[in-house]
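> Would you mind keeping the following structure in view while I ask a few things?
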Amino acid sequence: MEVIQFFIDLLQDPRGFIAEWIAAFGMGAYIPIFFIIFIETGVVIMPFLPGDSLLFTAGIFAADGGGLSLFVLLPVVWVAAVLGDSCNYWIGREFGKHIIDSGKVKSMTPERVEKTEGLINKYGPLAIFLGRFFPFIRTFVPFFAGLGHMHYRKFLLFNVIGGVVWSTLFVLLGYFFGGIPFVQDHFELVIVGIVVVSLIPAIAGAVKAKLGLSKAKKTRQEN
């Protein structure tokens, strides 16, 4: 329960947490950032972690002597993102069927499973790159790529490209725009906005899937 509360608090105030890590650990502040990015992408039961907002906030602290260095932060989050997806791939490959059959991963709803499988079926290895930009989906894509025994070399190529582009994009957004007075004065609102915008594709996909099921059910009833 305390772990869940920690992540809820982190989602609400990533700026406060990173400031505390810098004050407490100095250069060691990169370690919790690394592990949170790694866990979000690497552990299929933890898709709700605030990856986008954490990267954005870390970028702010890498600007203007905020306590982090951009040239250290970027390699740290690159490695975390790539290793996380690779870990999730092998979890899916070795234990995926058992995990799904157990039904214990509540976040793996039918809508999210359908969305993820649809993305992989439509785009193949490119889905590994595209999935990075969808919260929840980015945690499930490598898992299902492993479950479907996608060739690891193909997976790794798009994993590296996607992990580097995604993490760099959000860090640089924070680095270049985090110092704007409006962002500083309305930081919590900006973080909520990042979360909402990130979730729009996933929500739209779930609604579309639900409407499709309703339409199919209605068609069967009419026939």
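> Roughly what would the spin-label model give for Gln12 and Phe35, points 7 Å off Cα along C-beta, in nm?
Once both label points are built, they end up 2.2 nm from each other.
> Another one. Under a 1.4 Å probe, what is the accessible area of the range 3-42 per residue, stated in Å²?
49
> Once each part is reduced to its C-alpha centroid, what is the distance from the range 5-84 to the range 131-145 in angstrom?
19
> What FRET efficiency do you get for Ala23 and Phe95 if R0 is 35 Å and r is their Cβ-Cβ distance, rounded to the nearest 0.05?
After rounding, the FRET efficiency stands at 0.35.
> I would also like to ask the following. Could you tell me which GluC sites (Glu not before Pro) in the range 102-152 are loop residues by DSSP with no more than 13 other beta carbons within 10 angstrom of their beta carbon?
Sites meeting the loop and neighbour criteria: none at all.
> Where in the range 11-107 are there trypsin sites (Lys or Arg not before Pro) that are in a DSSP coil and have at most 15 other Cβ atoms within 10 angstrom of their Cβ?
In loop regions of the range 11-107 (DSSP not H, G, I, E or B), the sparsely surrounded trypsin sites (Lys or Arg not before Pro) are Lys104, Lys106.
The values are calculated or read from the model by the stated rules, or taken from the named source; none is laboratory data. The shown structure was predicted, so the numbers you read here are calculated from the model rather than taken from an experiment. Note that we place each Cβ from the backbone using ideal geometry, even for glycine, and neighbour counts take in every protein chain shown. Heavy atoms of the whole protein, side chains included, go into the accessibility calculation; ligands, DNA and RNA do not. Shrake-Rupley method; radii C 1.70, N 1.55, O 1.52, S 1.80 Å.
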